[in-house]
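Student: First the structure, which I've put down as structure tokens, then a few questions once you've had a look.
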Amino acid sequence: MSPNWVAPYLSGAHNLTTPGRFKVNLDEIEHYKKIDDSFKEDQFKFKKKTNLIPYFNNSIGYVYLVKMATTIFPFLGDQMAIIVLQCLFHLFISIIFLTLKEFSNRQKWLFLILYAINPLILKFVVFNFYYFWQVIPAFIFGYLMLSKSPNKFIITFFLLILPVIIVTRPTIVFSLLFVIYLLFKKFHYKYGLFSVCYIIVTYLLINAPTKQNVWHTIYIGIGGYSNDYNIKLSDTSGYALYENKTNEKLNASVGGNLYNEITLKKYTEIAKNETIEIFNRNPILFLKNAIVNTLQGFSIGYINKAGDTINYIIAFTGFLMVCLLIYSKKYLWFFMISFSLGTFTLYYPPVQAYMYGVYLLLVLYLITNYSLLSVSHNLK
């Protein structure tokens, strides 16, 4: 990920004195951004500073995770520490499923190939941004669904960091309904009730309000497919809109005018008005995109710059997966995946980073319901 987006988290982790206070040091961020050696970038350690400014363009959650990583691995650079932590969580999750007694040997091999060592999955394990952590609610759901006697210690361990994950990636929030349902189903109601209270209270304590421009995301989301408005699936399309309307360029670098509250408010209003105008002219475009986006999330996801034909084919394979889920009456899996996707696919394509948590759900469903073992049995 670009240092411009990573550096605030690294700086914020070392200046985190009070939960919910995301503050960064601009000078150190600029110094970090100028490093052109990947090894030196990985080894760089931010420091606690006094001349700080508030950062409100992204959620604070990843700051806590970086703080955890740098506390556990103080001998590593900040960026390397969080990558190592992500690797350890991936390893832990993989081992849990690879040793699951409910899995046959064939299913374990399938899990190893399709998930544990799958290059698409590993890409985001070692990616220096928050996308990996979307896997946590998916893991809790999958483990509770497949284990006849889930280990309460394992579940408690992951529940402890779940509020941080919600703050990190709020798009997972509705999928938690199914996680909570399984907690009450698998354990005593007191454990489920305590877990829900812990999640809510902790979330409220550690969350920090953001001023993200969701209309920017909705507007450029139109550009996922060919359109008559010359919109591309790129931030630059949104910035160009602002420039055309105001004759003022947007600077997305930390400290640039995009971080100015007045500018951000103006840009939000421009993107909102333009998006609503396009919707009023062509609501079918938004409906079509929402359907195609969501179906792609049941497959490998949207591939940027692959062209409409490829992405429509991917949507069709997603449609087949939906049919399998419904045919096999795995409604809980269907709704868990749907709610994991629906918070953003209604207006934005499911690029692999955004839908990362869904991959574990898809793999677990496939190997437990349509494994090669069951296919060969049916052939007999």
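Student: Answer with one residue from 64, 99, 285: the one whose Cα lies farthest towards the positive end of the charge dipole of the chain, charges on Cβ with Lys, Arg +1 and Asp, Glu -1.
Tutor: Of the candidates, 99 comes out farthest on the positive side.
Student: Sticking with this one: In whole percent, how big is the carbon plus sulfur part of the accessible area of the chain, probe 1.4 Å, protein atoms only?
Tutor: On the way: 11670 of 18230 Å².
Exposed carbon and sulfur together represent 64 percent of the surface.
Student: Let me ask something else about it. Just order 44-57, 217-230 by mean Cβ neighbour count inside 10 Å, highest at the front, would you?
Tutor: Numbers: 44-57: 14.8, 217-230: 17.4.
My ranking of the peptides, most packed first, is 217-230, 44-57.
Student: Which one of 133, 109, 215 has the biggest mean-square fluctuation once the chain is modelled by GNM with Cα springs under 10 Å?
Tutor: Sorting by GNM fluctuation, first place goes to 109.
Student: Could you work out how much longer the chain between residue 84 and residue 173 gets when fully extended? Use 0.36 nm per residue separation minus the Cα distance between them, nm to one decimal.
Tutor: Working: separation 89, 0.36 × 89 = 32.04 nm, distance 2.59 nm.
Between residue 84 and residue 173, full extension yields an extra 29.4 nm.
Student: Among 253-264, 345-356, what's the highest-first ranking by average C-beta atoms within 10 angstrom per residue?
Tutor: Output ranking for 253-264, 345-356: 345-356, 253-264.
Student: Using a 1.4 Å probe and counting only protein heavy atoms, arrange 167, 201 so the residue with the most accessible area comes first.
Tutor: Order by accessible area, largest first: 201, 167.
Student: Which value in nm describes the separation of the simple spin-label points at residue 249 and residue 279, placed 7 Å from the Cα toward the beta carbon?
Tutor: If labels sit at residue 249 and residue 279, their model points lie 3.2 nm apart.
Student: Label 7 Å along Cα→Cβ of residue 99; region 167-209 residues with amide nitrogen under 16 Å?
Tutor: No residue passes the distance filter.
Student: Mean 1/r over all different Cα pairs, inverted: what Kirkwood radius does region 14-160 give, in Å?
Tutor: 17.4
Student: Of 353, 336, 14, which is farthest along the charge dipole of the chain in the positive direction, counting Lys and Arg as +1 and Asp and Glu as -1 at C-beta?
Tutor: After comparing all options, I get 336.
Student: Amide H of residue 24 versus every other amide H placed in the peptide plane: which residues, excluding those fewer than 5 positions away on the same chain, fall under 5 Å?
Tutor: Sorted by chain and number, the residues that satisfy this are 53, 55.
Student: Could you state the accessible area per residue of the chain in Å², with a 1.4 Å probe and every protein chain left in place?
Tutor: 48
Student: Out of [x] 29.4; [y] 20.5; [z] 17.7, which label holds the value of mean projected area of the Cα convex hull in nm² that was computed here?
Tutor: Derived directly from the coordinates: [y].
The values are calculated or read from the model by the stated rules, or taken from the named source; none is laboratory data. Since this is a predicted model, take the numbers as computed values, not measurements. In this analysis, Cβ positions are derived from the backbone assuming ideal geometry, glycine residues included, and neighbour counts consider all displayed protein chains. Just so you know, the surface numbers come from the protein's heavy atoms only, side chains and all, with ligands and any DNA or RNA stripped out. Shrake-Rupley method; radii C 1.70, N 1.55, O 1.52, S 1.80 Å.
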